[in-house]
Every structure is written in C-alpha cells, then in structure tokens.
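What follows is one structure encoded as structure tokens, with my remarks underneath.
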Amino acid sequence: MKATNRKTNSLLHLRGITKRFPGVQALDGVDLEVRSGEVLGLVGENGSGKSTLLKIAAGHQNADAGEIVLDGRPVSLAGPADALNRGIALIAQEISVQPQLTVAENLLDGRLPRRAGLIDWRRMHRQTEAELRELDLDLSPHTTVGALPLHQQQMLSIARVVRRRPRLVLFDEPTSSLTADEVKHVYAMIHSLRAAGSAVVYITHRLREYFDLADRVVVLRDGRTVATREIAGVDEQELVRLMVGREQVQIFQRPAQKDHGDFESAALRLEVRGITSARLADIDLDVRAGEIVGVAGQAGSGRTSLAETLFGRWPYSGSVRVAGREVRLSTPRAAIDAGIALVPEDRKGAGLVLSMSVHENLAMASWRRTSALGVRRPGHERAGTTRVVRDLLIRTAGLDVPAVTLSGGNQQKVAIGKWLLHEPSVLILDEPTRGVDVGAKAEIYALVEELASAGLGVLVISSELLEVMRLAHRVLVMSNGRVVGEEAGARATEESITRLAFRAEGAPEPGSLEVRNT
Amino acid sequence: MTVTPSVPAETSGRRGTVQRPWIRHLTGSSAPMFAVAGLLLVVVVFQLVTEPNFGSSSNIANLLRTSAVPILLVVGMTMVILTGGIDLSMGGILSLCGIAYAKMVIAGVPTSLALVLTVLLGAALGFGVNGLLIGRFGLSFFVVTLASASVLGGIALLWSGNRQFDMSGDGLARALGNDTLGSLLPYGAIIAVVTVVLAGLVLRYTIFGRSVYAIGGNQEAAQLSGVGGARVIASVYGVSGACAGLASVMMIGRQTIADPTAGSSSIVLYVVAATLLAGVTITGGAGSVYGALIGTAFLQVLSNALALRGFNNSWQMVVTGAILLVAVYLDRVRLRLAARRG
Amino acid sequence: MTVTPSVPAETSGRRGTVQRPWIRHLTGSSAPMFAVAGLLLVVVVFQLVTEPNFGSSSNIANLLRTSAVPILLVVGMTMVILTGGIDLSMGGILSLCGIAYAKMVIAGVPTSLALVLTVLLGAALGFGVNGLLIGRFGLSFFVVTLASASVLGGIALLWSGNRQFDMSGDGLARALGNDTLGSLLPYGAIIAVVTVVLAGLVLRYTIFGRSVYAIGGNQEAAQLSGVGGARVIASVYGVSGACAGLASVMMIGRQTIADPTAGSSSIVLYVVAATLLAGVTITGGAGSVYGALIGTAFLQVLSNALALRGFNNSWQMVVTGAILLVAVYLDRVRLRLAARRG
Amino acid sequence: GCGGTDGSAGDAVNRSASSSEADKVLDGLHAGPAKECTSGKGLTLGYAGVWSSNAGGKAGNDSFAAAAEACEATPLVVEAKADDPLNTMITAMDQIISQHADAVAFFPLTADVMTAPSRRAVKAGIPVVSGEITNFRGASTTFHQDRLTAAVNSARLFCEKYPDGGKVIYGAYGGSQQDLIAMQKRFESELRDCSDGKLTIAGTYANKTDDIAGGRGTAQAVLQQHPDAIGVVAYSDTDAVAASRAASDLGMRGKLTIVGYNADAVGLAALQQGSIDYSFAWGIPEQQQKMVEVMIALAKGEPAPRFVTLYPRCVSRKTVDAVPSIAVRVRGIADGRDLAPTKIQPMIESDKPTLEASEAQRKAVACEVS
Ligand SMILES: Nc1ncnc2c1ncn2[C@@H]1O[C@H](COP(=O)(O)OP(=O)(O)OP(=O)(O)O)[C@@H](O)[C@H]1O
Ligand SMILES: Nc1ncnc2c1ncn2[C@@H]1O[C@H](COP(=O)(O)OP(=O)(O)OP(=O)(O)O)[C@@H](O)[C@H]1O
Ligand SMILES: [Mg+2]
Ligand SMILES: [Mg+2]
C-alpha cells in the first residue's frame, strides 16, 4: 500500500508515531500518509487515538517516538504556530474561539488589518464581511462571539482556519454540533479546499460522511493502523467491522437478555410527562425497574439537557414521578432526595472533586444518609466505601489518596460508585464511558447491567451507538430537544437509529413523531 | 462547565509508590503549614534565647490577648476561603455588631443576652446579606462583600451617631477582651482557640464541614452530589459573620469603648493574609483552620519580636508581605515538583 | 480547549434573530454602563435644579480636581480587571512612587525628568513584581498584590524615614494636581480624561488591547492562539503601576506634600468599586474603560451631592455600597433573562 | 531658618537641625543652657506612641527618645499602627510592661482605651504617666492638653475681629474623640456668648483622614453653600490648610480668617506662607521633655506633680517667626537644653485636674488681633 503512492505527491507522512499517557497507550506506531489534494478519512472508535494523532501532526503535542515527514523531509514541529507556518492547520474537536472578541477578530485570528500601527476596524469589517459572504456564513462581523450559539461558534472556528488556505487541514469531528444545513456548508468548504489543491484529514462519528467526502480511509484501532482503503472499496459494514475488530465486538455483544416487552409488568421507576424547558420540548419518558433505557441523538440534541433537567438543574414545566411519587426537581438535592442519581458527562468538571480522596468522593453523595445529626460516622462510612472499592474493582493506592491520582476508568467507577451507597431508584448515566479504556468499559457495562437487574431504572445517554445498543433494552432518539423516535433494543441498529436522528433534522416530518407512539 | 484545575494538583505518582503517611504530610498539601510552623518555632526559640522578657508571663499574656480577635476572625475567613470565596465585609460586620452590642447594653439588656444577640446578628448579616447574594443568586463574592462592607460600616457610623460609647462598666465584655485566667491565659484567647478547635472538628467531622471542602474543590461536583447547595455557601458567610460578632464584643472589652470604626478594611486584609500564609489556598478546597491559626500566630509573634527590637510598623509591613510572597511562591514550586514527579 | 461560558452568556437565540444595534447596546453587555450613565444624568440634573451651587464653575472645578486621581487609578485597575485580575497594590505603588518623586526633586532632578522616571518606576514595579509573579509564575493575583501592597507601602515609609516632604515649591506637581486651565478645567482632570481615551484606544485599536479582552474571556484559549498570555498579563500590571506612578505626582501637587501613606487600602478598594460599578465584570473580559470612567464620575458626583446636602461620609458609604449591590444584582438578572430568551 | 519654609521643595516636618542652628534660635528664646544630665541612668522609660508616619506622632516619638537619651535613660518607644490604632496602642503598652520598663507613658489617642493596660502596668509596679485627663485615676501623673482654652481664644478672636457678627465654618474631625467634641462645643457656646449671637457656626465639614486631600473636598462643599462666611476654625492645621486651598479655588480666601490647631510643622509652614491666619501651639517636644522628667522622678520614687496641664498659645502670621521648628526644639532637647523658659508651651502643675486654664493664663496666650 505505502509503496504505491510514495513517488506521487505525498504531502505529509507520519511514521511510527507512538504516544503514551498515564495509563493509556494512545498511539502505538501509527503510520499515516496524506497526499496533496485528497480527503483522507480517519476512522476509529472513541479512544482509538484519532485526535491524538492529529494533535501531533499539528504540533499541539509531541510524539514519544516516530517521525513526521513533510514534503519528503523529516521535520520537528515546534508548536501549533510552527505547524501553521508550514501550512498544517488543525480544527480541534473542542470549539476554540475567543468569546469576548468579535466575529471579525476571531475570523482573522490576530492578523488584523492595521493602519499606522492601529487596528483598522473599518477595513477589518469590510474584509470580514466579504470573506463571510464568500464562505457563505450569515454572521455580522461586529457580533461578540460569546453571544453566538455553539454551532455558529463552531462554524466560525472552522472558517477561520479554512480562510487561510492551508495546504493541509485536519478536521476533528467538525460536524458534531452542527445542523444538517451547516454540515453541507462544511462539505462545501472542504470541496473548495480540495479544488485549490489542499489536502484534508477528516474525523467523524457519522460514518456516512466518509462516503460523502473521503477519497481514502485509514482505520485506527487501539492506537494502531489496522487498515487503509480506497473509499470505493469499502461499505459501511466493512468499515464498522474494521473499526471495532473482532475482540471488541465481544464487549458490544448484547448478552442474551430480556427485551423491552419483558418490563411491561415491572414497577415504574420514572415517569416523565410533558417536560418542557428552554432546551426541551414536551418530553414523555418511562423507565421501569430493571430496565435500561438508552438515549441516542446528535450532539446538541438535548440529551444532556434532559439528564440535567431530571436532576434538578434547570427550571421546567411538566410532571415527574419517581417510584410512583410525584416530585418537584428544583435542585440536585431535591432530585437526590427523590431517588434520582446522575453520573454527569463531564467527569473531571462535574463528577468528582479531584482534590478530595477516593473515600470522600465515594461517601459524598450519601453523607446525609450515613450521618447522625449532621455528624459523620467514619466507621460506617468506611465500611461502605471499602465495599464499593472492592465490588467495583476500583484500582487505587488506597481510600485516602486524592481522586486525581486515579486513571480515567477508575475515576468513572468512583463517579458511579458514589451512588451505590445512596441506593437511588433511578440512575442516569451521561456518556458513562467517555475516555474510558476498553477493559474498564466492559466492567462498567457489567456494572450497569447488574444495577439494573437489582431493580434500578437506568437511563443511559451515549454518543456511541454501539454502547447504547449494547446496554439498552429500549432506545429513545432525541433531536432538537424532543424525543423523535424509539426502538426496541433488540431491533435497534446503528442505521435505524441514525435514520431516526437524521430524519428529524432539517424539516421535521410529521411521521417522525409517530415513530415513538409504539 | 469545564473546571480545569489551574494547578496540576499533587499526584502521588504513576507507579503508585505508596509513601509513608508522615512523608506525605510533609510534601503534601499540609507542607505550607508545617513550614510556617517550623519558622514559627525558629522565631520563638530565637526570641527566647536572645530576649529574656519574651517568655515572661506578661509578654505571653500580651501576645495571647492581642491574638484573640485576629484568630477569631481568621476562623471565619478560613471557612469562607475554603469554599473559594473571601469575606471583605468582616470589618463592617464587626463595627456594626459592636455598636449593636453597646446600644443593647446601654438600653439595659443583660450583657450575656446582648452577647448572644450580637453573635446572632453577625451570623444573620453574613448569612442573610452576603450568603444569600453569593450562594443563592450567584453574585461575585468579591463584589458583594466589598459592597456590604461599605454599607454595614456606614450603618455602624450612622447608628452610633459617629460616637464612641464608654463600655468600661461592662464586666462580660471586659472578661472576654481583657481579663486573664490566672496570670497567663486571657479568656479571649481561650475562646479563640476553642473556636479554632471547634471549627476544625466541624470541618472534619460534619457534613457541613466536608461540604465546605467539596465546594472549594469543585463546586459543580459538590452540587451534583447534593452537598454543595446555596445553603452551605450562605452558612459559611453566616459563620464568618458570627465570628465577627463575637470578635466585636471582645474588641469592646479590650478597648473598653465601642467604636463604630473598629473593623477597618486593613484589619480584614491582615486577616486574609494570615489565613493564606500557612496553606489555606485562595482558590479554595485546601488548607485547614489549624494552618490558619499557625499563620496568625506567626504574624503576631513576628510583630511582637520586631516591635521589641525597635523595628517599626514599616518593617513589619515589608517582612509580612515578603513572607507571604515567598510562601505562595514556594507552594507553587512544591506543586510543580509534585506534578512533575506524578 | 473547551469554551463554555461560565455564566450562560447572552445568546441571541438559535434562530439567530438579528437585533438593531442600539437595542443590542441597551440589553447587551454595555447595559450596565448605560444604566449608570442614565443614573448619573438624573443626579446631575436633579442637582442642577435643586442646588444652585452645583453648577458653579468652582464646584465643577472642585469635582473635576477631586476626580482626577481616582480616574487615573481606575484606568489601570480596569486594564487589570479586564484580564480577570485585581491590583490591590496600586496604593503601595502610589505611596512609593510619591516618595521617589519627592526624593528626586529634592536631590535636584528636574521635575519633568523626575515625573517621567516616577511613571517608569511605577510601571517597572507593576510589571516586574506583580506582573512577573502573576503572569509568568502563575501565582494568584490576589495574594501577590496583597503582599506587594504591604511590601511597597512599607518601603515607602522606610525610605521616607516616616516623614512627609513639603513639595509646595514644585510647580509641575502643583500644575498636575491643583491648577486649572481657565477657571474650570484642572490640568489633572484633563490628563485623567486623556488617559481614559488613550486606554480606550489602546484597548480597541491595538493587538495588546484585544489580547487583554481575550485573556479575560478565556485565558487558555488566548494563550493557545499565541496571544502571549504571560507578557500581556505582566504588561497590564505594568500599566496599572504606571497609572499609580502618575497619580502619585498628582496627589503630591494636590496635597503640596509627599506623604508615604498616600495610597491606603481604602483608596484601592474605592477604585475597585468604581471600576466594577458600570459594567466591568470582576471575572474579566467584559466592560470598558469608559464604563469605568462613568462609574467613577457617578461616585464622585454622588459624594459631592451628598456633601453639599450635608450628608456625611457614613451616608456615602451606605449609598455607594448599596448602589454597587444593586448594580451587580441587576446585571445578573439581565444575564439570566438573556439566557432564558436564548 | 527652619526646614520647609524656604519655598522650595523640602522636608516639611522634622528635618533634623544641627546643634549650632538650634542654639542660635533657642538662645534667642532664653532656653536653658545645654546641661549634662545623668538622672535617667539605668532607667528604661517606655512610651506607647502614635505611628511615626503621622507628623505629630513622629514629633512625639522623636522628642521622647531625645529627652530620655539626654538624661542617659533608655527610651523604649513602641508605636501603634495607623490601621488599627486602638488595639495596637494597647498592645504597645503591654509590650512595654512585659519589658519591665521603669515607667511608662502613652499618647492619648482615646484615653479611656488605655485604662486596662494602665492597670496592668500599676499591678506590675510600673508607674504610669497618662496622656489624658479622662483616663484612669491610678495614674501617677496625668498630662492634659487644654483645648478649651484654645476654643475660647479662637471664639474671642472672632468676636473682637468681627463686631458685626457673621458666619463661621467649623472643620471637625468627624470621629468620636471626646476632647475634640468638647472643644467644638466650647467654641460654639463661647462664640454665641461673646458676640451676643451675632456670630454663628453656619456649617461644618469633617475630615477623618486628617489629610489635605480629604478635607479639601468637604470644605469646598460647605464653603460654597456659605459664600458669605467670614472664617473657618478647624480642629487641626491640616484641616485648616485644606479649607484654605478650597477657599483659594473658590476665590474666597481673602475674605476669610482661617484658624488651625497644633502649630505643627504643617501649621507653621502654612502660617509663614499665609495660607492660614492663626493656630494654637501644642508643644509636643516640650510636653515630652516634661514627661521624661516626671517619669524619671516617678521611677526613682521622687515627688512629681499629679497633673500637668498644657494650654496652647495662639500663634498668628505675625508671631509665627518666634516659634522655632520642631526640628530645632528636638535638637535642643537632645542637647540637654531646658525648653520651659522659652514659654512656647506654658504648663500648669496641680494636684487636682485642671480642665481649663485660668482667665489670666488664658489671656496671656490669647490671639493678637490685627
Ligand atoms: N491529555 C491526555 N491525558 C491522558 N490521556 C489522554 C489524553 N488525551 C488523550 N488521552 C487518552 O488517549 C486515548 C486516545 O484519545 P483520543 O482523544 O486520541 O481518542 P479519539 O480517537 O480521538 O476518541 P474520540 O472519538 O472519543 O474523540 C484515550 O484513551 C484518551 O483517554
Ligand atoms: N433549561 C435550560 N436553560 C438554560 N440552559 C440549559 C437548559 N438546559 C440545558 N442547558 C444548558 O445546555 C447545555 C447542553 O447543551 P448542549 O447543546 O451542549 O447539549 P445537549 O443538547 O443538552 O446534550 P447532548 O449534546 O448530550 O445531546 C447544558 O449543559 C446546560 O448548560
Ligand atoms: Mg477525538
Ligand atoms: Mg451531552
């Protein structure tokens, strides 16, 4: 494979790139060649090392080992600025804009037109206006970027890289927070880049986009290159097979399990009726004892908002019953008291107090239960947290080391484990395995299933369709703050879910609402 | 909301080397406290050797009597700073509470009742004004306490009619602020130290106390665990108000007058510096009230020593500021090293 | 780098409704500035109608003369707060610079050269001490400037030998701090306003100025995109030091003496309050130096009005604090509403 | 010939004077000759003083140390802090006690506050010299500054100068010091009495920070309201200078008689430059010299007066040249010269508190009205 195009027009060649993070081998001798004028799809599961690879290519991170060859000459990149000077630009997975500055300043990114040393706002606005028109972006140059909705910020952070016409643009999930229209927009930008002779590397979790855009795909798995294919030579199923690999199919294999129908007689743990808020519209939802309900949808579809609203973080109208009791979820504490538990998607930011010990983090949520008159009972607490550490196989140097010292998967187990002592009736997991390695993933799946079979109602939100399908007895699909479809877990396929989610994008079809009235 | 700990917090190492507890203490988050404690010891020993009167019972009583009010204030400030806030209004509350106490006593309220009511007033001001606005409405602690300091200090002046009140006849206040048990132990210092110990116990053994640390460590995570609500934040300002209330009566006893300007902004900044000196970090979540006690003791012993050696206030300003700078700088170096090792 | 505004920032709505610019101004982040400007207008009109002396040239000259030093300090403080910091050391720098200026003039340095050197000294102290420790070593701005305030104030006292210097013979300082152009316009006020305008231009028309906003909005993102975080942060403290340096000479001219305690902590807190009153947010990134000017003008007119009506300082403390509280509260409500609409 | 009066920038307050410079001035005023004094040998004299960054505080601390050292005693001066004056004044006193000084004195910031530490000193066997009359009765000697006499003299000054009456502005400290409040009240009643109500206090301004910048704004506000005022009486020279600056800005200076208090370095310079018209000389160096003398006597168990009352002499623009600078007087004290004969600061020694000087004594220090 690599021999064939060596002489033609290899723009960038990454050779034997290796990168290790504490506890994770992110990249393990990856090879990647990008040719001028092509769109190369980089395919891989969560955590397979895609972003890390691009960050190394763009000088944001250094590889532990390996070689970067640009135009046939090995280079070492001093940093993002150096890479940019050499024509390599990265559009990162996370939005990176300066919220207090205007659209124009963000677009021009520090290269502001000046007159007599001073910024020439008039010229800048005129120039920006023209460029925005050219990029077909409906934004005012004067607007403060922080005031824009996230998807427009994302468009802007793409545009400000693309406008410089770099020779190589590395896109890391550019479309995850965009609407269908805007996705088309990004397509157009990529087409024009390619037409101008630039090369593109593209990452997405919407496999269809590879078929829309890419000339070739490279598949990463566990930090290794496992395949390189012309796009014409693969289909979606093949791609998934390559991504997942045999051994990993195992963990996504649904155990022979009860299906949706089996829960109809089980007690209702959670009944949500007509919940509406700033980001949610008229949500109905039931979760029964022992049932795992998955929630799928595009980024920005309102899944996290649903979880947070059910956990008392946002004002809402509508009614919620937990274990048959009508409850008002005005604060997280009220939600906890009502029997709802949330493992938030942002583990470091919201799931754990990293500076506090494993013990404290595990005990925190049940302090009010285990204490007497506000005074803690250390013996009682420790018995509980010791049990959780043992049961969940949390690997830690001790109960009293700070949570920051644990690996991601073990931190996540702590974030889940703290609710076990509290004994809730409903457990909501938002992206429970984000950034968690394969082994820990399997353990977490097992844990979730065990909790469900012990009688909890479980709501699992995940961007990883395989994960939803693996766990859920029933899958709800959200879009634009609504539940737009439902599938029985056994019947759900990646395709059927994606179809539901996409159909609701753009012009909502009336039919999409019928789907869930099963 | 993404909270990226600005300081790469101490990690005990990838290889999971288990350190002995006492080593962990010395290199861990208590390191600043032990460092300042060591420095304190050095100064005390030096003074004892070179200054025969330093260890005299009257000097010790003097030191303790002078330290009582700052220590009380430091306890409240520590609680607030542990949640990641600052209470700039302690001075205003102190002034207002002092006038309230004097007015009550002059109006014939029994002093012990007046004392209780004054502490409650302090708590209510802290909880109801600062606490509500910061905890419930989410306003910036800095702006809120800056503003309430001004309002409360102004009210104290207006209510007093810009006058000091002679309180020399008030035995309770005098006992708290002036008298000693035996020849050595001022009651005020006993109360201050008891308050420190109480606060230490509360911080360690109660839900409230642990919530304070949790909020300082990561407010969002604490909230999502049901322990970091508005009430805890408000309560912390309530505690600091109560400390200021109690301190106001001590101050009256010490000065034998009630002075509407008793709590100045510079006292408050002194208290902040004392709190931060020995390991209570300004971002919250780390440090202990014992560290704060040691920091205050150090500053007090230092100014006692400098004054007796004829170094005037200016020298004390320079030395205090320099030590604070060195302390935070060294702490940063320690955290860097810890992060590198990890 | 995830950019998530910690306060649900005002979103113009997913549907991207485009508002007219002037409506955006009134409901957007400049709203507090316009609100305070409106209030200022109301007070001024009310005073003009009810108080014949208010509009007299002498009162206006008095108002302007009194405002010059605070406005200068507010310019520096605004720059610092825009990056998300606070400079508590402005008072210390002011005191030290004043003594330096007096020493130079007494030693025979020509006053204009001494003035330049004094401003440079202020800039160097701000940049080299605060700026370095905060920008480069990443120490907490609060702790660093609290400590350096103490050190620099102490050095000012020591260097002066605890003495005030008679500077009544210094024509340059008198011109800056006291004299008027015609009967109305004190030179100091002219300089202060020119400084505001200059700062406004720098903030709007230079890369440095835009970086100040970028850092306040998101320090990490700003650093990534090569804005040069450490240097910008250090420079901002340099600017605030320079402002304090210039203010020190004005203060000398106004008082006709150089006083080593000229910059007290209460001046600094006043300056912080004035800066925050009209839309400069304490978390940085939002607000303008014009807003800060309006906030200061409002506080100055308010105390002038209260003084003319015989309300004493205590009333001014209460009113100032209360207005600050109301201002931040309303701003929070505005942001909430904006978020809900979005 | 004293510092800061030559019009150029210079040291306003206590520029140290040389012995020859001082001798020239003090000889003219009949100060006692430089004398060997060993009466304080082996004694430690404590003084809890005001922070040195305050001009008066520095004058007090410097002259106390000079007087003690002139008689071979060891001065132990501990300063309070401007930030937190009352607490730190107590601490300063306690520190002196713990050093087993042979006698201790303090500056009367708020005299009552010093009761408790004074008791502790007495209990430790250390004689106390109290700074103010309102303080505790156990003091061996009490120094008292008779501000009432000044209040009466300044009221009389206005009655004499303005027989047709008029409006006077009063510059108050605005704080709660009892002696300052009493002084203001006494001025008010005397003004009413000696003018048959024709002279009134039309307005007051306050200046708690006791700096020029602080007083200037408030003085201007009140002067504007009373453009017809004929005079300003202020509790301190600084405050009077502030009013003078404000009046100049308003173009009113020429119409006003401005009276300060203290005749400290700021006041003397202001009198010389004509920015104020009168002040009342509080002889801090003279008081400290007397205080040291009394403390040495007390420490040795020798007889000492129970009360020493200082009543201030009125100084006008005309007579100001006769008042030597503080620096000169401190130098004289250090050289062992007795300042009492200069009559800069007349004193009354008595067994009972003297709240106010006698009529005759008052007249002897009254203002010369031109
Ligand atoms: N800064 C870091 N510190 C520690 N571990 C990291 C860091 N960055 C990435 N990792 C780990 O390296 C592995 C590869 O991460 P990477 O972000 O490259 O995956 P990815 O393929 O982009 O996944 P996704 O599809 O979820 O974006 C993951 O296990 C991740 O947890
Ligand atoms: N009722 C509400 N009012 C204001 N803000 C809300 C509300 N509900 C949610 N949010 C905010 O919106 C954020 C979620 O928005 P975002 O578009 O990123 O994700 P989502 O659509 O809810 O979830 P996901 O991407 O997981 O489907 C929440 O984290 C919260 O900050
Ligand atoms: Mg990625
Ligand atoms: Mg989400």
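The values are calculated or read from the model by the stated rules, or taken from the named source; none is laboratory data. Here the structure is a predicted model, which means the values were calculated and not measured. Virtual Cβ from ideal backbone geometry, glycine too; neighbours counted across all protein chains shown.
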Give me the residue from the range A:35-80 that is surrounded by fewer than 24 Cβ atoms within 10 Å (Cβ to Cβ) and within 14 Å of chain C (Cβ to nearest Cβ) and, out of that set, nearest to ligand 4 (Cβ to nearest atom). A:51
Within the range A:378-430, track down each residue that is in contact with a helix residue (DSSP H, G or I) (Cβ under 6 Å, 6 or more places away or on another chain) and small (Gly, Ala, Ser). A:403, A:409, A:415, A:417
For the range C:203-215, give me each residue that is within 14 Å of residue C:80 (Cα to Cα) and surrounded by 19 or more Cβ atoms within 10 Å (Cβ to Cβ). C:203, C:209, C:210, C:211, C:212, C:213, C:214, C:215
Would you check if there is a residue in the range D:296-310 being more than 9 Å from chain C (Cβ to nearest Cβ), closer than 19 Å to residue C:307 by Cβ, crowded, with 24+ Cβ neighbours inside 10 Å and in contact with a Leu (Cβ under 7 Å, 6 or more places away or on another chain)? no
In the range D:97-109, the residues that are more than 9 Å from chain B (Cβ to nearest Cβ) and hydrophobic (A, V, I, L, M, F, W, C): D:101, D:103, D:104, D:105, D:106, D:107, D:109
Every residue from the range A:46-91 that is assigned to a helix (DSSP H, G or I) and within 16 Å of ligand 3 (Cβ to nearest atom): A:50, A:51, A:52, A:53, A:54, A:55, A:56, A:57
Residue that is nearest to the chain's Cα centre (by Cα), among those in the range D:254-278 that are away from every other protein chain (no Cβ under 12 Å) and part of a helix (DSSP H, G or I): D:267
Taking the range C:310-338 and keeping residues part of a loop (DSSP other than H, G, I, E, B) and more than 9 Å from every other protein chain (Cβ to nearest Cβ) leaves C:311
Inspect all residues belonging to the range A:92-108 and state whether any of them is surrounded by fewer than 19 Cβ atoms within 10 Å (Cβ to Cβ) and either within 16 Å of ligand 3 (Cβ to nearest atom) or under 17 Å from residue A:163 (Cβ atoms) (or both). yes
For the range C:52-108, name all the residues that are out of contact with any helix residue (DSSP H, G or I) (no Cβ under 8 Å at 6 or more places or on another chain) and either hydroxyl-bearing (Ser, Thr, Tyr) or under 19 Å from residue C:163 (Cβ atoms) (or both). C:57, C:106, C:107, C:108
So which residues in the range C:116-143 are more than 9 Å from every other protein chain (Cβ to nearest Cβ), farther than 30 Å from residue C:105 by Cα and touching a Phe, Trp or Tyr at 6+ places or on another chain (Cβ under 8 Å), if there are any at all? C:134, C:135
Please go through the range A:283-300 and give me each residue that is farther than 18 Å from residue A:449 by Cβ and among the aliphatic types (A, V, I, L, M), ordered by number. A:283, A:285, A:296, A:299
Give all pairs with beta carbons closer than 7 Å in which a residue from the range B:138-149 that is part of a loop (DSSP other than H, G, I, E, B) meets a residue that is aliphatic (A, V, I, L, M); count only pairs at least 6 apart in sequence or on separate chains. B:139/B:133; B:139/C:328; B:140/C:282; B:140/C:328
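Table: residues versus (1) within 21 Å of residue A:42 (Cα to Cα); (2) modelled with pLDDT of 90 or more; (3) more than 19 Å from the chain's Cα centre (by Cα).
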{"site": "A:206", "(1), (2), (3)": "yes, no, no"}
{"site": "A:238", "(1), (2), (3)": "yes, no, yes"}
{"site": "A:247", "(1), (2), (3)": "yes, no, yes"}
{"site": "A:260", "(1), (2), (3)": "no, no, yes"}
{"site": "A:272", "(1), (2), (3)": "no, yes, yes"}
{"site": "A:278", "(1), (2), (3)": "no, no, yes"}
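Listed here are the residues, each with its yes/no results for (1) of a type in the set (S, T, N, Q); (2) modelled with pLDDT of 75 or more; (3) in contact with a helix residue (DSSP H, G or I) (Cβ under 6 Å, 6 or more places away or on another chain); (4) not assigned by TED's automatic domain parsing to the domain that holds residue A:277.
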| residue | (1), (2), (3), (4) |
| --- | --- |
| A:435 | no, no, yes, no |
| A:468 | no, yes, no, no |
| A:476 | no, yes, no, no |
| A:488 | no, yes, yes, no |
Does residue D:25 satisfy the condition of being in contact with a helix residue (DSSP H, G or I) (Cβ under 9 Å, 6 or more places away or on another chain) and more than 30 Å from residue D:86 (Cα to Cα)? yes
With A:68, A:95, A:88 as the choices, which residue is within 16 Å of ligand 2 (Cβ to nearest atom) and either free of Cβ contacts under 8 Å to residues at least 60 places away in the same chain or closer than 28 Å to residue A:183 by Cβ (or both)? A:95
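So that you can scan it fast, the table gives a plain yes or no per residue for (1) modelled with pLDDT under 90; (2) within 16 Å of ligand 1 (Cβ to nearest atom); (3) within 28 Å of the chain's Cα centre (by Cα):
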position: A:115; (1), (2), (3): yes, no, no
position: A:131; (1), (2), (3): yes, no, no
position: A:157; (1), (2), (3): yes, no, yes
position: A:161; (1), (2), (3): yes, no, yes
position: A:173; (1), (2), (3): yes, yes, yes
position: A:179; (1), (2), (3): yes, no, yes
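Do we have residue A:97 as of a type in the set (Val, Ile, Thr), away from ligand 1 (no atom under 12 Å from the Cβ) and assigned to a loop (DSSP other than H, G, I, E, B) here?
On the way: of a type in the set (Val, Ile, Thr): yes; away from ligand 1 (no atom under 12 Å from the Cβ): yes; assigned to a loop (DSSP other than H, G, I, E, B): yes.
Yes, satisfied.
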Using the structure shown, decide if residue D:281 is at positive phi, of a type outside the set (S, T, N, Q) and under 14 Å from the mean Cα position of the chain (by Cα). no
Picked from the range A:280-306 (must be within 14 Å of chain C (Cβ to nearest Cβ) and surrounded by fewer than 18 Cβ atoms within 10 Å (Cβ to Cβ)), the residue modelled with the lowest pLDDT is A:299
Just to verify a result, which residue in the range D:181-212, among those that are more than 14 Å from chain C (Cβ to nearest Cβ) and hydrophobic (A, V, I, L, M, F, W, C), is nearest to the chain's Cα centre (by Cα)? D:183
Only unsatisfied item for residue B:168, checking (1) surrounded by fewer than 24 Cβ atoms within 10 Å (Cβ to Cβ); (2) at the interface with another protein chain (Cβ under 7 Å from one of its Cβ atoms); (3) free of Cβ contacts under 8 Å to residues at least 12 places away in the same chain, is (3)
Which residues, taken from the range D:234-248, are among the charged types (D, E, K, R) and touching a strand residue (DSSP E or B) at 6+ places or on another chain (Cβ under 8 Å)? D:237, D:239
Would you point out the residue of the range D:110-137, among those that are surrounded by fewer than 21 Cβ atoms within 10 Å (Cβ to Cβ) and more than 10 Å from every other protein chain (Cβ to nearest Cβ), that is modelled with the lowest pLDDT? D:133
Restricting attention to the range A:100-115, the residues that are away from every other protein chain (no Cβ under 11 Å) and assigned to a helix (DSSP H, G or I) number exactly 2
